[in-house]
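Reviewing the structure listed below.
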Amino acid sequence: METERALAELTALIKRAHVLGTIGDILGWDEQVNLPPGAAEQRASQHAALAEVVHAAGAAPRIGELLAVLEARAGTLAAEQRAVVAQARRDYDRATRLPPEFVREKAAQGSRGFHAWARAKAADDFASYAPVLERNVELARREAAYLGRGDAPYDHALDKHDPGLTAAAVERLFAELKRDLVPLVREITGSPVAARARAAAARLKGFPVEAQRVFLREVTARLGFDYQRGRIDVSLHPFCSGTGSDVRMTTRYNEDQPLDALFSSIHETGHGLYEQGLPAEHLGTALGINAGMAVHESQSRLWENQVARSREFWRCFEPRWRELFGSRTEVVDSEELYLAVNAVEPTLIRVEADEVTYNLHIILRFELEKALFAGTLAVRDLPGAWRAAAKELLGLEPADDRTGVLQDVHWSDGSFGYFPSYCLGNMIAAQLWARVRQLRPGLEAEFARGDFGWLLDWLRENVHRQARRQGTLELVRNVTGEELSPRHLIAYLRERYGALYLAGR
Ligand code: ZN
């Protein structure tokens, strides 16, 4: 009885802290979608004040007392209860071991960092941004030290996003991927089809923004995104935030790159479907929060790539696409449209990269982050190191920092250890895809009829509703029946892109 009471009280306290945290999500969304440029400092102070309140709620001594009671009875707890307690312990340690003044400083620095990055990127001025980045690395190191991981600050940064992950584990997975991917990229880009695909994509120009907005809304709603419980707006860098019945996605429009807004919206829809699929009654506890960023990315990638770049997806949506955009679409036939959707071309910009070369962008960032934290690379040397790595991995060298080290928002608020999640997400998506095709032969034929329900239901049950009952690697093992490996990603890329680019060779 005491166990039940303690668990109920603990759950209520955790959920309250989570609700307060979601207010910060809305402030963050508003900052990137609506905020007047002159309001940055004011928003920074709002973030800082709220961070204090959130911190106090999560660090309430009563949570510590309840955790002690429940941990003493761990043997009598059911598996779900143990998962709730373990996650609560993780959050509580994080909340109580970080001094309030540190939390305040980090929140304000994150907000200032975002605006400093936006200005530096616009002016191609890395020098003005370098001190911000140095400060962010220092804060990340201090955070790791407060949490007892001062010896391995980068492991700590990874574990924050994906519970249990280490630099060594990521390095092993990435090394195997790099070994097979680099020659595959060379084969594909060396194919004469590559130029035809790029030319087809380049002919898609002058697609009015309003029609793009209509089309991507129809597509994302058909995939299952519930617009009664979410919305989509415009921001500099597309993202998805919020959870449960208030999920905020963003995209950005370019009339001459009409596939960009569409695919970034489908990507964010994958994130949104995951958040909308978490068990509402458990929001905030381990039974109602996402498993981590790699699993999150697996959901966005699965919808964006495995689903929306398939022939069957386009069999469903091509007629409507031609209807909405009319004469603009006459520059490609169906085969050329499919090629344009699956065009492969090494580019300097990660968010514009195709799904084949994308992983090389992540390996680049992982290697630089690891070196920054190991102390073998100084912030001031980042632009040069970036150029060298881009040349080695992508065969391209950025002419300026805007298309090099300044292109991504992530480091501006200290989100180190986040990038690897994207590539791990690709691996997990491919492994889930192999599994669902085994379970449901003919799945893609359902896409051609506009029916995505079986796939969404399967993901709801096997991934979304599992929430954070288990760690990332354990979830992958339980759902797919094997350890996480890059081989499914390589096999998927070979199957889809091999058929297009390497057939008959
Ligand atoms: Zn994403």
(1) within 15 Å of the ligand (Cβ to nearest atom); (2) assigned to a helix (DSSP H, G or I); (3) touching a helix residue (DSSP H, G or I) at 6+ places or on another chain (Cβ under 8 Å): which one isn't true of Glu275, the others all being true? (3)
Filter the range 1-25 for residues that are touching a residue at least 12 places away in the same chain (Cβ under 8 Å) and loosely packed, with under 14 Cβ neighbours inside 10 Å; which is nearest to Arg112 (Cα to Cα)? Ile23
Given the residues Arg43, Arg62, Arg5, which is the only one that is modelled with pLDDT of 95 or more, part of a helix (DSSP H, G or I), among the charged types (D, E, K, R) and in contact with a helix residue (DSSP H, G or I) (Cβ under 8 Å, 6 or more places away or on another chain)? Arg62
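Listed here are the residues, each with its yes/no results for (1) surrounded by fewer than 21 Cβ atoms within 10 Å (Cβ to Cβ); (2) assigned to a helix (DSSP H, G or I); (3) on the phi < 0 side of the Ramachandran plot; (4) among the β-branched types (Val, Ile, Thr).
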position: Phe174; (1), (2), (3), (4): no, yes, yes, no
position: Ile188; (1), (2), (3), (4): no, yes, yes, yes
position: Ala199; (1), (2), (3), (4): yes, yes, yes, no
position: Arg248; (1), (2), (3), (4): no, no, yes, no
Yes/no for Ile363 being in contact with a Phe, Trp or Tyr (Cβ under 8 Å, 6 or more places away or on another chain) and more than 15 Å from the ligand (Cβ to nearest atom): yes
Which of (1) surrounded by 15 or more Cβ atoms within 10 Å (Cβ to Cβ); (2) closer than 30 Å to Leu337 by Cβ does Pro183 not meet, given it meets every other one? (1)
Options Ser421, Ser412; residue that is surrounded by 19 or more Cβ atoms within 10 Å (Cβ to Cβ), among the polar types (S, T, N, Q) and under 18 Å from His271 (Cα atoms): Ser421
Scanning the range 221-237 residue by residue, those within 16 Å of the ligand (Cβ to nearest atom) and either aliphatic (A, V, I, L, M) or surrounded by fewer than 21 Cβ atoms within 10 Å (Cβ to Cβ) (or both) turn out to be Leu223, Ile232, Ser235, Leu236, His237
Name the one entry in Ala286, Ala291 that is buried (at least 19 other Cβ atoms within 10 Å of the Cβ), within 16 Å of the ligand (Cβ to nearest atom), in contact (Cβ under 8 Å) with a residue 12 or more places away in the chain and in a loop (DSSP other than H, G, I, E, B). Ala291
When Pro208 is evaluated against the numbered criteria (1) modelled with pLDDT under 95; (2) of a type outside the set (S, T, N, Q); (3) surrounded by 15 or more Cβ atoms within 10 Å (Cβ to Cβ), which criterion, by number, is the only one it fails? (1)
Would you kindly identify the helices (runs of 4 or more DSSP H) lying entirely within the range 69-171 that contain at least 2 residues that are touching a Pro at 6+ places or on another chain (Cβ under 6 Å) and buried (at least 16 other Cβ atoms within 10 Å of the Cβ)? 126-146
Mind telling me which of the residues Arg252, Arg203 ends up being surrounded by fewer than 21 Cβ atoms within 10 Å (Cβ to Cβ) and within 16 Å of the ligand (Cβ to nearest atom)? Arg252
From the list Arg449, Arg468, Arg402, exactly one residue is more than 16 Å from the ligand (Cβ to nearest atom), surrounded by fewer than 21 Cβ atoms within 10 Å (Cβ to Cβ), in contact (Cβ under 8 Å) with a residue 40 or more places away in the chain and within 23 Å of the chain's Cα centre (by Cα). Which is it? Arg402
List every residue pair whose Cβ atoms lie under 8 Å apart, where the two residues are 6 or more positions apart in sequence or sit on different chains, the first residue falls within the range 299-311 and is touching a residue at least 60 places away in the same chain (Cβ under 8 Å), and the second residue, located anywhere, is near the ligand (Cβ under 9 Å from one of its atoms) and charged (D, E, K, R). Ser300/Glu268
Taking the range 294-334 as the search range and keeping residues that are within 16 Å of the ligand (Cβ to nearest atom) and among the hydrophobic types (A, V, I, L, M, F, W, C), which one is surrounded by the most Cβ atoms within 10 Å (Cβ to Cβ)? Trp303
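The values are calculated or read from the model by the stated rules, or taken from the named source; none is laboratory data. Since we're looking at a predicted model, the values are computed, not measured. Heads up, the Cβs are rebuilt from the backbone with ideal geometry, glycines too, and the neighbour counts pull from every protein chain shown.
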